[in-house]
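What follows is a set of notes on a single structure, which appears directly below.
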Amino acid sequence: MRKRKSDDVSPEDWDAVDSPELTDEMLQRMRPASEVVPEIVDVYRRSRGRPPKEVTKVAMTVRFDADIVAAFRTKGRGWQTRMNDALRGWLREHPTA
């Protein structure tokens, strides 16, 4: 397990930090970063996570017979994509379904 950075700092080191306590006046003057430096916040938000896809998939729970799932899983990784492709092929062959 990876150690958190705070695990590397001793209690004595934390005590040595000279941070004044925030006063009520300081707290009242505080503003969200999105108001103070919106351009930085926008860049940060755009750089986080996976880029959005044009076509997204729907997460759902579905129950299949065990032998069906086993048959797709025996081919290894990507078995869910292969199941999706098989269903798509069935829909092409049965357009009125």
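What follows is calculated from the coordinates using simple rules that are stated; it is not laboratory data. Owing to the predicted nature of the structure, the values given are computational and were not obtained by experimental measurement. Note: ideal-geometry Cβ built from the backbone for every residue, glycine included; neighbour counts use all protein chains shown.
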Relative packing of 11-18, 63-70, 76-83, which averages over residues the other C-beta atoms within 10 Å, highest first: 76-83, 63-70, 11-18
Net dipole in debye of the chain [+1 Lys, Arg Cβ; -1 Asp, Glu Cβ; about Cα centre; nearest 20]: 1220
Selection from Ser34, Ala70, Val58, by position along the positive dipole direction of the chain (Cβ): Ala70
Where GluC sites (Glu not before Pro) fall in DSSP loop in segment 28-97, at most 16 other Cβ within 10 Å: Glu54
